[in-house]
Amino acid sequence: MKEGAIRPRAVCVIRRGAEILVSGAVDSVKGERFYGPLGGGIEFGEYAADAVLRELMEELGAELAEVRLLAVVENVFTYEGRPGHEIVFVFLGRFADPSLYERDELRWTESDGTEWLAEWLPLDHFAEGGPPLYPDGLLGLLREDGTGAG
């Protein structure tokens, strides 16, 4: 991401009962492990809803169904000692293939060789004292929404 640029992103929260599918990462400068729903950048000329469908297909080879916009949030943060600023379209959805809910973790490899793991974690895992769930404010939105998919 270009320094000083605002990055548009689209993510999809997929629920399995009281759990959500998240991927974790570590900020080595802060020494912090954090999590977030799957998704990625919105390309120029692409609608956010199309971006989230594309990202989940690229990452997991998974089709989404019943995708709906939950909220748009602004996320201003520091990662690896560098400032970041995102506008994040947060969608709720479900997997079209029900067998994906039976797997406890999903793995994929980016084109640059980076390996990722997505796992189902309960919302309570991110309660006070737990690891952060990004983008900021997402935990509160999910608790308010209360709907489940899957």
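The values are calculated or read from the model by the stated rules, or taken from the named source; none is laboratory data. Here the structure is a predicted model, which means the values were calculated and not measured. With ideal geometry, Cβ positions are generated from the backbone for all residues, glycine too; neighbour counts draw on all protein chains shown. Keep in mind that these areas ignore ligands, DNA and RNA; they rest on the heavy atoms of the full protein, side chains included. Shrake-Rupley method; radii C 1.70, N 1.55, O 1.52, S 1.80 Å.
Listing for the model above:
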| read-out | value |
| --- | --- |
| Residues of the range 99-136 that turn out to be farther than 18 Å from Phe34 by Cβ and in contact (Cβ under 8 Å) with a residue 60 or more places away in the chain, as a count | 2 |
| Leu139 in a helix (DSSP H, G or I), within 21 Å of Ala10 (Cβ to Cβ) and touching a residue at least 40 places away in the same chain (Cβ under 8 Å) | no |
| Condition broken by Glu86, with the remaining ones in (1) under 14 Å from the mean Cα position of the chain (by Cα); (2) farther than 21 Å from Gly41 by Cβ; (3) acidic (Asp, Glu) satisfied | (2) |
| Among the residues listed as Gly84, Gly39, the single one being under 21 Å from Leu121 (Cα atoms) and either open to solvent by less than 20 Å² (accessible area, probe 1.4 Å) or aromatic (Phe, Trp, Tyr) (or both) | Gly39 |
| Criterion (touching a helix residue (DSSP H, G or I) at 6+ places or on another chain (Cβ under 9 Å) and over 25 Å from Gly130 (Cβ atoms)) met by exactly one of Gly41, Gly4, Gly36 | Gly41 |
| Residue under evaluation Ala48, criteria (1) aliphatic (A, V, I, L, M); (2) crowded, with 18+ Cβ neighbours inside 10 Å; (3) more than 14 Å from the chain's Cα centre (by Cα), criterion not met | (3) |
| Any hit, the range 26-33, residues being part of a loop (DSSP other than H, G, I, E, B) and of a type in the set (S, T, N, Q) | yes |
| Of residues in the range 90-116 being in a strand (DSSP E or B) and open to solvent by less than 50 Å² (accessible area, probe 1.4 Å), the one nearest to Ala62 (Cα to Cα) | Phe95 |
| Residue check for Val76: under 21 Å from Gly140 (Cα atoms), out of contact with any Cys (no Cβ under 6 Å at 6 or more places or on another chain), among the β-branched types (Val, Ile, Thr) and open to solvent by 80 Å² or more (accessible area, probe 1.4 Å) | yes |
| Near pairs, Cβ below 7 angstrom, 6+ apart or cross-chain, from the range 10-23 (among the charged types (D, E, K, R) and open to solvent by 10 Å² or more (accessible area, probe 1.4 Å)) to any residue that is at pLDDT 95 or above and assigned to a strand (DSSP E or B) | Arg16/Trp120; Glu19/Trp120; Glu19/Leu121; Glu19/Pro122 |
| Residues satisfying the stated conditions in the range 35-80, i.e. part of a loop (DSSP other than H, G, I, E, B) and touching a residue at least 60 places away in the same chain (Cβ under 8 Å) | Pro37 |
